[in-house]
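Only the coordinates and a few stated rules stand behind these numbers; no lab work does. The model shown is predicted, which means the values in this text are computed figures rather than measured ones. All Cβ positions, glycine included, derive from the backbone under ideal geometry; neighbour counts span all protein chains shown.
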Amino acid sequence: MSILTELKRRFEDALRSWAAEARDLLEMIRPSQEERFGDYQANLAMPLGKRLGRPPREIAAELAARLDVSDMAEPPEIAGPGFINFRLRTDWLAEQLTRAAADPRLGVPLVSSPRTYVIDYSAPNVAKPMHVGHIRSTVIGDALCRMLRFMGCRVISDNHIGDWGVQFGMILYGYKHFLDPEAYRRQPVQELARLYRLVRLLMDYQEAKAKLAEGRLQARIAELQSHFPQPLSAGSGQSNPAQSSKTSLSGKEAPVARAMKKELAELIEEQAELEKKTAQVEQSAELARLAAEHPNLESRVLAETAKLHAGDPENRRLWQEFLPHCLAELDRIYQRLGVQFDWTLGESFYHDRLAGLVEELLARGLARISDGAVCIFLDGFDTPMIIRKQDGAFLYATTDLATLQYRMETWRPDAILYVVDHRQSLHFQQLFAVARLLGYRDVELQHISFGTVLGEDGRPFKTREGDLVGLESLLDEAVTRALKIVSENDDAKPDGPELSSEQRAEIAERVGIGAVKYADLSQNRTSDYVFSYPKMLALSGNTSAYMQYAYARVRSIFRKGGVEPESLRNSGAPILLTTPPERDLGLALLRFGETLELALQDYRPNLLTAYLYDLANRYSAFFEQCPVLKAQPDSLRTSRLLLCDLTARTIQKGLELLGIEVVERM
Ligand code: ARG
């Protein structure tokens with residue numbers, strides 16, 4: 001039972017004679033933000049009044065009179081300009097809860113018309129180690145899959161890995177020139193990763209060197225510098241307002257000066273980066289020698305990539321040899337994260353379709369040749385989408401078009417979700433525009449965009465060497481810290497520690513990984529967030545550790561009371577809501593289903609984390625004010641135990657839908 005859906009259904013009946021298309025009006029029925037407005041609030045009398053040219057209060061009163069909700073709510077109240085406020089009947093709530101408690105789905109209904117979703121997430125470029133940037137797509141995508149499946153939708157998860165790009169050109173080049181055969185035999189993945197890093201380092205070096213030699217950057221810096229009496233230093237840009245305000249005359253600088261200062265700070269920073277990159281190589285005689293012996297590395301690497309794409313037998317054979325190692329490495333991390341995919345159809349899978357697709361688009365007149373490249377010009381975009389370069393190479397966009405076509409033909413989805421960071425938003429806007437041109441009109445295409453993970457300094461989360469933090473080391477660190485917390489918590493128990501060291505380790509793995517996932521999912525996905533171990537592992541506040549702890553505490557009541565929750569659930573005993581904290585908790589428990597619906601409307605898992613946090617807080621208030629094991633008479637004790645059990649199951653299910661495991665003890 002979803003209260004919200006039920007209310008909407010009743011309104012739909014009442015609205016029938018006034019509005020044929022009531023969906024947008026029904027969206028205006030919402031849980032109330034404040035207690036004094038009741039449990040739910042309908043704000044639709046205002047727009048409806050406008051539409052009908054009648055006073056909203058009058059409309060509200062008429063609607064309230066027509067509405068048949070007497071079984072579930074007290075008579076609705078009209079407030080302000082025409083709000084309709086509902087307070088649910090406590091006996092009705094208790095009845096719904098009794099049903100939910102006996103239901104394996106916790107009272108959450110399946111969607112009435114299940115859709116088919118393809119979800120494209122994680123999608124790392126393989127052959128380079130996964131880093132912190134991959135956490136968001138992986139974790140958000142996985143949560144959406146789980147939530148949609150739970151609601152009864154058909155979900156096809158597809159990991160569109162980058163297994164065909166320049167990084168393979170880099171490894172191919174590295175393999176041919178820098179391989180340590182013994183290391184490759186022993187630990188192929190590590191050796192391939194080393195080769196990737198080495199070639200990357202040398203390429204970055206040459207690029208930095210060239211840029212510095214050009215001198216344009218330095219010239220622009222000098223020019224900007226001449227406008228300001230006090231020299232600026234790296235890091236005095238926008239990201240550090242405290243420092244930059246010191247050099248400004250007042251808070252109200254002219255916008256031009258501010259823009260110049262910002263540019264200057266960014267350029268200084270860029271220069272420092274470039275210098276760091278060149279120093280890194282030049283400080284090592286060995287690296288400097290390699291850089292000198294392999295000039296123009298980038299074009300050599302591109303040549304290896306092109307050979308791979310053109311079917312060169314040696315490069316194909318090596319690619320075939322490398323790929324399984326890369327995939328095994330990925331799988332190891334996915335296993336640890338508890339993430340699975342139905343399909344892993346990477347970029348290479350589509351290679352043979354690209355030439356035909358480009359020809360088809362040319363033949364249909366959707367694409368045309370411009371400056372030797374094949375382009376799709378789109379209304380409303382400054383730049384065309386290029387699908388074949390002058391030199392005949394295909395692009396990321398070409399592959400994505402082929403992928404879209406394949407998915408439409410193979411799975412006939414109602415929706416395709418691309419969980420990819422916000423920097424690719426233009427790409428997806430263009431991709432979706434082309435999809436419409438291709439005739440895919442009815443499918444919902446969504447870029448589930450997300451922000452950047454920042455370090456404590458407010459910049460992208462990097463290691464001291466300047467690389468993005470590796471995903472694996474990040475998980476290890478979280479688990480190590482979790483172990484410390486779990487151990488300290490256990491040692492401090494009044495009756496002495498309860499957990500063996502194996503138990504502690506297992507709990508730490510769940511708590512540590514859960515913390516990383518939850519910290520990510522609890523953010524509004526479009527914002528950046530700061531990665532902080534202490535915050536994400538805190539035992540209080542909106543963290544997974546707090547939720548896991550709440551769960552374990554509820555479960556301990558059953559152990560303490562020697563009560564078997566299973567038999568309790570099947571007993572058919574009623575839930576009674578005798579006090580306000582019981583009612584508050586009960587209402588929250590019944591809102592699980594509508595929370596999932598709302599979270600899926602915008603694909604925002606953070607609505608689910610916020611719900612769980614609220615639920616845990618209501619549970620705390622209930623537990624403080626209402627004795628459970630000591631409650632009398634027996635029917636009240638049973639009812640309260642049922643509330644505890646339903647709370648634990650809701651937390652467990654909610655975390656499960658976020659890809660997080662609970663622990664029985666902590
Ligand atoms: N491999 C890409 C990257 O790391 C992400 C792919 C996302 N999916 C897609 N269909 N484009 O940037």
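Computed from backbone phi, the HN-Hα couplings of region 194-200 come to 4, 4, 4, 5, 5, 5, 4 Hz, rounded to whole numbers (Karplus: 6.51 cos²θ - 1.76 cosθ + 1.60, θ = phi - 60°; Gly and Pro given as x). Using a Förster radius of 35 Å, what is the FRET efficiency between D491 and A631 based on their Cβ-Cβ separation? Nearest 0.05, please. Approximately 0.60, to the nearest 0.05. 3J(HN,Hα) along region 638-655: 4, 4, 5, 4, 5, 5, 4, 4, 5, 4, 4, 5, 5, 4, 4, 5, x, 5 Hz, from the Karplus curve 6.51 cos²θ - 1.76 cosθ + 1.60 with θ = phi - 60°, whole Hz, x for Gly and Pro. Listed by chain and number, the aspartates and glutamates placed with their C-alpha closer than 17 angstrom to that of K484 are D476, E498, E502, E506, E509; residues fewer than eight positions away on the same chain are left out. Computed from the Cβ-Cβ distance with R0 of 45 Å, the FRET efficiency linking K50 to R105 stands at 0.70.
Among S540, S620, rank each residue by its count of other Cβ atoms within 10 Å, from fewest to most, as a rough exposure measure.
By the 10 Å Cβ count, ascending, the order reads S540, S620.
When both region 474-547 and region 203-225 are represented by their alpha-carbon centers, they are found 45 Å apart. Residues in region 412-437 near a label at Y396, defined as backbone nitrogen under 11 Å from the 7 Å Cα→Cβ point? Inside the label zone: 421-428.
Our note on the geometry: Cα centres of region 587-662 and region 51-65, 37 Å apart.
Between S112 and E27, the contour length at 0.36 nm per residue exceeds the Cα-Cα span by 28.9 nm. Projected label points at S532 and K211, each 7 Å from Cα along the beta carbon direction, are separated by 3.1 nanometres.
With a/c under 1.5 counting as rounded, go ahead and sort the chain into rounded, prolate or oblate using the C-alpha gyration tensor (a ≥ b ≥ c being the square roots of the eigenvalues; past the cut-off, prolate if a/b is larger than b/c, else oblate).
Details: a/c = 1.81, a/b = 1.54, b/c = 1.17.
Prolate is the answer for the chain, as a/c is 1.5 or above and a/b outweighs b/c.
Label reach from E656 (point 7 Å along Cα→C-beta): in region 88-115, amide nitrogens under 18 Å belong to 100-111.
For a test of the definition: using alpha carbon positions, the gyration tensor, and the 1.5 limit on a/c, classify region 109-238 as rounded, prolate or oblate. Verdict is oblate for region 109-238. Going through the cross-link list K209/K389; K462/K493; K517/K630; K176/K389; K276/K307; K462/K517, which pairs have a Cα-Cα distance over 29 Å in this structure? Long pairs (Cα-Cα over 29 Å): K462/K493; K517/K630; K276/K307. Spin-label pair E182-R66: with each label point 7 Å from Cα along the Cα-Cβ axis, the two points sit 8.5 nm from one another.
Max-minus-min Cα coordinates of region 509-666 on each principal axis give 52, 32, 26 Å, with the largest extent listed first.
For I156, the residues whose amide H sits under 5 Å from its own are Y117, V118, I119, ignoring neighbours fewer than 5 places away on the same chain, with H placed 1.01 Å from N.
Counting only helical runs of four or more DSSP H residues, what would the 222 nm mean residue ellipticity of the chain come to if each run contributes -39,500 (n - 2.57) and the total is spread over all its residues? Walk me through the intermediate numbers first.
Working: 27 runs with 382 residues, N = 666.
One gets -18500 deg cm²/dmol as the mean residue ellipticity at 222 nm.
Taking the number of other C-beta atoms within 10 Å as the exposure measure, put M130, M408 in order starting with the fewest.
Values: M130 21, M408 17.
Ranked by crowding around the Cβ, least crowded first: M408, M130.
Residue order for K276, K128, K262, fewest other beta carbons within 10 angstrom first, comes to K276, K262, K128. Computed from the C-beta positions of Q429 and S620, the FRET efficiency with R₀ = 30 Å rounds to 0.10.
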